[in-house]
Amino acid sequence: MRKVKELKNWITGYEAVAAALDELQLAYDFYKDEAVSEEEVDSAYNQALQEVEALEMKNMLSKPEDQLGAALKIVAGAGGTEAQDWAEMLFRMYQRWCERKGYKWEIANYQEGDEAGIKTATIKVEGDMAYGYLKSENGVHRLVRVSPFNAQGKRMTSFTSVFVVPLVDDTIEIEINPANLSWDTFRSSGAGGQNVNKVESGVRLHYKFTNPVTGQPDEIVIENTETRDQPKNRENALRLLRSQLYELELEKRRQETARIEASKKKIEWGSQIRSYVFDDRRVKDHRTNYQTSNVNAVMDGDIDAFIKAYLMEFA
């Protein structure tokens, strides 16, 4: 059924392009006979262009992992309340983007900031090609603004890291050695009623392993406070662990098969990928040089143009 759905999506996309091109040709023929206006031809052209570009975008997402859901983790950088507020703004931006795309999302972990914002949060996103789109968001996001938390009204710079991995499902086998697993439990904080605060339903997973990318001993630590049920939280944490291990295997394969050209910035954790300058009303992606002045729309989840520019250049 999954294969049928995938093929059907390609056929539907092709048929939409073919129909749009037929409409454009028909409009042009009518225009030569003075039966339609130039504006109507322009409208048919723009529609055809939109359908072709949509199919091109889909072609950029042809890797197996691109079809999966995604686990998106946001971590506030150094800078205290200002950085934590920026992390929460990004958290909201991705929520709005999911809603625009019709994707289902759940909060797997959420740690509030000391005064405002969040220290870290993890969102699980379910939907066709969620990882394929969101992988473009992997890296450090930079905010420049006059901080509302600064009494002198100074312009401040904050950084927040976004880390995206494919959300593996039951069709993908990832081997986890139980001997390398250990668990801690703790009381969840925040909203959720008295049970969440009194019962040790939150879990913290520790997994020690040999990193396939570096070949060195490594450890993954995952916290999950998604539900009031500790066994369910353990199950969710294990799924997130499988996702991270799968991403490391993919990274190993990418390193073995290809190297990104030296002229292009590496797409990796720790690279500054995008700047959001509120005072100048500018959001710029440093990898593709795509930028927009509509800051409000971007912060409300309108980031498809940035994703498209990234995929067309790097995918």
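The values are calculated or read from the model by the stated rules, or taken from the named source; none is laboratory data. In this text the structure is predicted, and so the values were computed from the model without any measurement. Cβ atoms come from the backbone with ideal geometry, glycine included; neighbour counts cover every protein chain shown. To get the accessible areas, we keep the full protein, side chains included, count just its heavy atoms, and leave off ligands, DNA and RNA. Shrake-Rupley method; radii C 1.70, N 1.55, O 1.52, S 1.80 Å.
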Projected-area mean, the chain, by convex hull of Cα positions, square nanometres: 21.0 nm²
Between segment 1-80 and segment 278-303, the alpha-carbon center distance in angstrom: 23 Å
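Gain in length, Asp300 to Lys32, computed as 0.36 nm per residue apart minus the alpha-carbon separation, to one decimal in nm? It would help to have the intermediate numbers written out before the result.
On the way: separation 268, 0.36 × 268 = 96.48 nm, distance 4.31 nm.
Taking 0.36 nm per residue and subtracting the Cα distance, the gain is 92.2 nm.
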Within the accessible area of the chain (1.4 Å probe), percent carbon and sulfur: 48 percent
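I need the calculated FRET efficiency for the pair Ser293 and Gln216, taking r as the beta carbon distance and R₀ as 51 Å, to the nearest 0.05.
Working: r = 44 Å, r/R0 = 0.87.
Efficiency for this residue pair is about 0.70.
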Segments 182-188, 61-67 sorted - mean Cβ within 10 Å per residue, highest first: 61-67, 182-188
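Among the listed pairs Lys119/Lys308; Lys135/Lys208; Lys8/Lys308; Lys104/Lys232, give every one whose C-alpha distance is greater than 27 Å.
On the way: Lys119/Lys308 29 Å; Lys135/Lys208 25 Å; Lys8/Lys308 22 Å; Lys104/Lys232 19 Å.
From Lys119/Lys308; Lys135/Lys208; Lys8/Lys308; Lys104/Lys232, over 27 Å: Lys119/Lys308.
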For the chain, built as a Gaussian network whose Cα springs stay under 10 Å, the top-fluctuating residue of Leu68, Leu134, Leu26: Leu26
Segment 57-127: C-alpha gyration tensor shape, a/c 1.5 cut-off, then a/b vs b/c: prolate
Helix 304-314 axis, angle to the chain major axis (alpha carbon atoms, nearest 10°): 90 degrees
Selected from Val52, Val144, Val36 as most flexible by GNM, with the chain as the system and alpha-carbon contacts under 10 Å: Val36
Estimated vicinal HN-Hα couplings, Hz - segment 77-93 in sequence order (Karplus 6.51, -1.76, 1.60; Gly, Pro = x): x, 5, x, x, 4, 4, 5, 5, 5, 5, 4, 5, 5, 5, 4, 5, 4
Whole-number accessible area per residue in Å² for the chain, which is evaluated in the context of all protein chains at 1.4 Å: 55 Å²
Most mobile of Arg92, Arg239, Arg254 in a GNM of the chain (Cα contacts under 10 Å): Arg254
